[in-house]
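The next block holds one structure in the form of structure tokens; read it before the comments.
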Amino acid sequence: MWKKNVVPMLLLLMSLLFVLSACQPYQTIAEGEQRVYKWRMVTHQIPGTARYEGTVKPFVEAVEEITGGRLVIEPFGANVLFPTNQSFDMVKNGVVEIAAVYTGFWTGKDPVFALGGGTIPGDPITGFQEHFYRSDQLKPIIDEAYEKHGIKNLGAFDYAPEEVLMSQVPIRSIDDFKGKNIRAAGVASLYYSKLGASAISLSAPEIYTGLQLGTVDAAEYNDFLVNGEMGMDEVTQYVIEPALHVGPSTDKELIVNPKAWEELPEDLKAAVYVARDKVRYESAIAYGVENQKAKKEWMENPNIEFIQLPKEDIEVMRQKGIELLNEYKSKSEASKEYIEQYAKVLADLGYLEEAKKLGYEE
């Protein structure tokens with residue numbers, strides 16, 4: 001059903017691009033008198049990796065092209081201007097105007113942010129279309145959570161395939177998680193705790209060293225493509241599958257300073273949304289295909305062993321994910337609403353058994 005919606009979506013995107021670009025020659029204000037808006041953008045991704053070069057850079061380039069140079073955004077990678085986990089307050093206070101960052105960094109602001117972007121343990125959802133259906137259905141809840149803290153949310157920025165659980169020690173069963181130190185962020189930290197592991201917080205640039213020095217036994221992070229670009233295959237002895245801490249997700253949500261956003265003319269706001277949707281679509285194609293190519297290279301690496309967890313353990317681990325979500329309903333009103341709406345989304349997409357375990361009633 002969702003495949004039928006892709007063509008209309010692309011046609012709409014192309015139409016908006018055409019309209020916005022076509023409007024430029026007919027501006028009544030002389031070019032020299034037009035205001036040029038200059039923004040700074042931060043992200044947790046590292047320059048040189050596909051998640052930066054394939055989404056962040058194309059986004060800012062598209063914005064500048066569509067607006068005819070009237071909105072120019074300068075991007076900065078992880079920890080360049082300030083530590084990534086400070087991005088929330090920096091956007092709120094107008095130190096930077098815009099950010100494309102994983103919501104799990106802000107769980108101290110509201111527990112619902114740990115769930116944002118679809119980072120849900122045991123999630124059965126697959127693929128680009130199901131993911132963005134879920135994102136759009138749950139966006140109003142995340143919007144409200146950001147609004148309470150003085151930030152404008154523009155929604156899911158890109159598509160991220162299932163993440164990888166990389167390890168320096170063999171984990172061949174659910175029991176082997178006990179006592180392990182695992183790099184994790186957001187709700188994944190709570191999930192690994194349910195498996196008997198200890199969650200360690202490391203920023204993206206620290207993960208390689210953490211695995212290399214044994215600060216962590218294992219680390220969950222991006223897909224095979226980006227992890228390979230970061231050299232993670234050099235410090236990984238085992239890949240544990242499936243990594244049930246999260247299914248397909250939005251690696252980055254796009255948030256802006258409300259004052260800076262309101263200052264933009266309506267056509268420039270529209271241009272930002274068009275550029276965002278362009279990146280969504282392109283990331284879905286690039287990451288889906290290129291990740292599979294990269295995984296093949298990892299599997300051919302003689303220094304890395306792929307471990308498939310037993311089927312019975314996988315079922316137990318999925319159930320622990322369900323238990324965590326049901327417990328998470330009590331964390332905040334927003335978390336409760338998010339999980340209840342997520343259950344409805346699962347039912348909409350045909351995952352009725354999982355939806356009922358989360359309290360969904362037909």
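The values are calculated or read from the model by the stated rules, or taken from the named source; none is laboratory data. Please read these numbers as outputs of a predicted model, since none were measured by experiment. So basically every Cβ, Gly included, is an ideal-geometry build from the backbone, and we count neighbours across all protein chains shown. Side chains are part of the model used for accessible areas, which takes the heavy atoms of the whole protein and leaves out ligands, DNA and RNA. Shrake-Rupley method; radii C 1.70, N 1.55, O 1.52, S 1.80 Å.
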Meets criteria (open to solvent by 10 Å² or more (accessible area, probe 1.4 Å), of a type in the set (Ser, Thr, Tyr) and over 30 Å from residue 214 (Cα atoms)) for residue 135: yes
State yes or no: is residue 150 at positive phi, open to solvent by 10 Å² or more (accessible area, probe 1.4 Å), out of contact with any Gly (no Cβ under 7 Å at 6 or more places or on another chain) and not in a helix (DSSP H, G or I)? yes
Just checking: which of the strands (runs of 3 or more DSSP E) contained wholly in the stretch 163-270 hold 3 or more residues that are open to solvent by 10 Å² or more (accessible area, probe 1.4 Å)? 198-200
Could you list, in sequence order, all residues of the stretch 301-330 that are aromatic (Phe, Trp, Tyr) and within 24 Å of residue 343 (Cα to Cα)? 328
Search the stretch 92-122 for residues being open to solvent by 60 Å² or more (accessible area, probe 1.4 Å) and among the charged types (D, E, K, R), and hand back the single one that is nearest to residue 47 (Cα to Cα). 92
Selection from the stretch 281-306 of residues among the polar types (S, T, N, Q) and surrounded by 13 or more Cβ atoms within 10 Å (Cβ to Cβ) yields 283, 291, 292, 301
Any chance the stretch 307-320 includes a residue that's touching a Leu at 6+ places or on another chain (Cβ under 9 Å), surrounded by fewer than 23 Cβ atoms within 10 Å (Cβ to Cβ) and not hydrophobic (A, V, I, L, M, F, W, C)? yes
Report the residue count in the stretch 51-91 for those that are closer than 25 Å to residue 149 by Cβ and open to solvent by 20 Å² or more (accessible area, probe 1.4 Å). 12
Pairing a residue in the stretch 301-315 that is modelled with pLDDT of 95 or more with any residue that is open to solvent by 100 Å² or more (accessible area, probe 1.4 Å), where Cβ atoms lie under 7 Å and the two sit 6 or more apart in sequence or on different chains, gives 306/299; 307/172
Give the residues of the stretch 136-191 that are closer than 20 Å to residue 111 by Cβ, of a type in the set (Ser, Thr, Tyr) and touching an Asp or Glu at 6+ places or on another chain (Cβ under 9 Å), sorted by residue number. 146
Across the stretch 48-104, what is the number of residues that are aromatic (Phe, Trp, Tyr) and assigned to a loop (DSSP other than H, G, I, E, B)? 2
Enumeration of residues in the stretch 316-356 that are touching a residue at least 60 places away in the same chain (Cβ under 8 Å), among the small types (Gly, Ala, Ser) and not in a helix (DSSP H, G or I): 332
